[in-house]
Each structure stands twice: as structure tokens, then as C-alpha cells.
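Report on one structure; see the data block that follows.
The values are calculated or read from the model by the stated rules, or taken from the named source; none is laboratory data. The structure displayed is predicted, hence computed values, not measured ones. Cβ placement follows ideal geometry from the backbone for every residue including glycine, while neighbour counts extend to all protein chains displayed.
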Amino acid sequence: MFLDRLKTFKSYKTETTPCRVKLSSNENPYQLPQWLKEKIAQRVKEIPLNRYPDPTSARLKEVIADFYGVKPENLVLGNGSDELIHLLITVVGNLDKPVMYPVPTFPMYQVSADILGRPKAEFPLDENFQLKKEFIDRALEKEPQLAFFASPNNPTGNSFDRQLILYTARNNVFTAVDEAYIDFSDREDFVKEAVGNENIVVLRTMSKIGLAGIRLGVLIADPETASLLDRARPPFNITYPTQVIGEVVLTEGREEIKKQVNVLISERKRVMEEVKNIGGIRVYPSDANFFLIKVPDGEKVHRLLIEEGVLVRNMSHLPGMENCLRVSIGKPEENDAFIEALKKVMGRL
Ligand SMILES: Cc1ncc(COP(=O)(O)O)c(C=O)c1O
């Protein structure tokens, strides 16, 4: 009885089918180099695990602030950006006023809103998965107080029209620009806007650049907004190991991250070209570490790819995404395995 609400609840679905080549979760396929792991191991050994971590993550915040070119006062840290999304939905505006976001997008906006029973003003994207003013205006009529724009968007891969994001913010909506994939894009980010406006914030994550395992998300805002949001954060949400590992990697590992990101960007270009050459497949543009394809039979291609040992994400169940599969960029040899498997599968349709 007490949990009846959860019986029809749409929770976040993860893809865990075991497979030789995993291109389904938009992770960085590369491990950290051994020399950096040794440094981490040394620092982790010294952690007094009987003690609570620094609730303010002061040292880590200094490192992250330097990494993003902002000040520590501009930051709120989360146990992954998932936690920051939930925090925003919990505290921004009145809980009886909707959260607006386009569909398809990252499902956690819907999941978090539903957990709280907060109304949603979902609105569609156009046929190229781009924002459209007409649809935003219709969502604004529902008087939302919080908006999420994942740009580059997951699962479509494209970046959104900057002016329409700013237009939403100007309409008195607290606007979160989720830049989880910005490292793979050459578009201008919203950091300047977040630091200079009380109703615009940016979300970043370490998950896509090689640290999905430590769960570290970052919110960038003006100091007043950041300090208010920080009041609602669980006090010890950033674990001791996460603080230490974050510090080491974001100081000594910066070059390595940059190198890995560059390889992934060039691999994205290569794989997308090769998939276009197969024929019969629509390849959507991407600014992220994954890309979207439309095939003649999404369910079947997904299943046959698994039989070939390659796991991608089937998006066919989402509105407007019939027969669409999302493919994360892996290491060159994993990408080759995907291309070969896809050629074989397409030949069997
Ligand atoms: C757009 C977007 N935002 C946020 C996240 C969650 O990131 P984190 O691992 O930091 O919780 C993801 C993960 O896939 C994402 O695609």
C-alpha cells in the first residue's frame, strides 16, 4: 500500500547484457595508464577510511575549478550528475510547477520528476532532433520553473540551438544545461552564462572522460546560486576515495584525458564514415562520444549484433526513435569489430 506508486513507476533501465564488445553506455573505453593508477593507489592507501570525508570537498573543488576555469565558489559537487539532477528537481521552484525537457533525452529528468511526483512539461524535438521555438512556447504555457537541456543530447548526439536555450532562460525558467558530452564537441559551452546568471547552471560529469566508476558530477553556477543549492546536498555525498582520485586524475592526468578524448573524436569520424558506406543506414550527426543510427529493423539488428558479440543500445522503444540504435565509440579494435558485425548483420536482413 505505501509503495503502490512505485508499481507503475518507470525506472532507469541499464543495459547489462554480457558481450565481448560493449558499446552501450557511452563510457570512455580506455583505462587510466598504469603510472597514474600507481599514484592513485599510493594516495588511496593513505586514506583514513574510519573518518568521514571533507564535507566541502575543498581540495577537490580547487582542482575542478582550475580544470574548468571557474572559482571553487561556483561549484556544487554530486555523486554523479544524476544526484545533481535530482537535487535540482527537488529544490528549484515550486514542486507543483513542472519540469520541462525535450524528448527524447536523458531519462533521469523524467525518473527524478516521477520520484517526487513533480509535473513534467515534456516537449518534442523536430525531425532532426533539434529544438523548435513553437514546441518550447507550448511547454512554457504550462508555467514550468525548471528546464533541462542536454547539449550534446543523449541519445541523439546533436547539440541544441543555443539561442533557444537562452530564450527559455529569459522566460523566467531556471535552466540547467547538461554538458555531459561537451568534451567531445567544439561548440561553445554555457559556463560563462552559468557563472553570470542566477537562473542558468551547467552540469558536467567525469563519467564520460574516464571516471564513471568514481561517480563525480559537477554543477557550475553563480556563487549565490551554488551556495544555496549546496545547502540541500547530502553532507558526505563525495566519498573520500572519490575526492582523492578526482584530485590526482584532474591534476596529473589531464594530458592523458585530452589524448584519450582526441582519439575518441577521430574514431567517431572514422566509424561514422564507415557506417555511412555500408548503405541502407541513416547516420545522425554527433558531437558526443556516441552516435545514433537508423536501421531497417532496430530490434533485429540489435539482437543479431549481440549474437556477433557487440552490444549497442536499442532506442527503438522511445518516441520518434523507431529502429534507432545508439553506438558508443570504443577503442579502434572494438569499433572495427562493430563495423564488421554491422556489415554482416545488414547483409542478413
Ligand atoms: C546527458 C547526461 N547527463 C547526465 C548523465 C549522468 O552522468 P553521471 O554518470 O555523472 O551521473 C548522463 C549519463 O549517461 C547523460 O547522458
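General observations
- Unique residue being closer than 30 Å to Arg303 by Cα, at pLDDT 95 or above, within 16 Å of the ligand (Cβ to nearest atom) and in the same structural domain as Ala221 (by TED's automatic domain parsing) when the list is Val76, Val99, Val103: Val103
- Pairs meeting the criteria (first residue in segment 197-212 and over 14 Å from Leu264 (Cβ atoms) and assigned by TED's automatic domain parsing to the domain that holds Asn154, second residue charged (D, E, K, R) and near the ligand (Cβ under 8 Å from one of its atoms), beta carbons under 6 Å, at least 6 apart or on different chains) are Leu203/Asp178.
- Boolean, Lys61 is surrounded by fewer than 21 Cβ atoms within 10 Å (Cβ to Cβ), outside any loop (DSSP other than H, G, I, E, B) and either out of contact with any His (no Cβ under 8 Å at 6 or more places or on another chain) or among the small types (Gly, Ala, Ser) (or both): no
- When Glu127 is tested against (1) modelled with pLDDT under 95; (2) of a type outside the set (Ser, Thr, Tyr); (3) within 16 Å of the ligand (Cβ to nearest atom), only condition (3) is not met.
- Long-range neighbours under 7 Å by Cβ, at least six apart or interchain, first residue closer than 18 Å to Arg303 by Cβ within segment 21-34, second away from the ligand (no atom under 16 Å from the Cβ) and in a strand (DSSP E or B): Val21/Val310; Leu23/Val310
- Filter result (surrounded by fewer than 23 Cβ atoms within 10 Å (Cβ to Cβ), over 16 Å from Gly157 (Cβ atoms) and aliphatic (A, V, I, L, M)) within segment 279-310: Leu304, Ile306
- Among residues of segment 15-52, those that are in a loop (DSSP other than H, G, I, E, B) and under 23 Å from the mean Cα position of the chain (by Cα), counted: 15
- Screening segment 163-274 for helices (runs of 4 or more DSSP H) wholly inside it with 1 or more residues that are within 15 Å of the ligand (Cβ to nearest atom) and crowded, with 24+ Cβ neighbours inside 10 Å returns the ranges 240-252.
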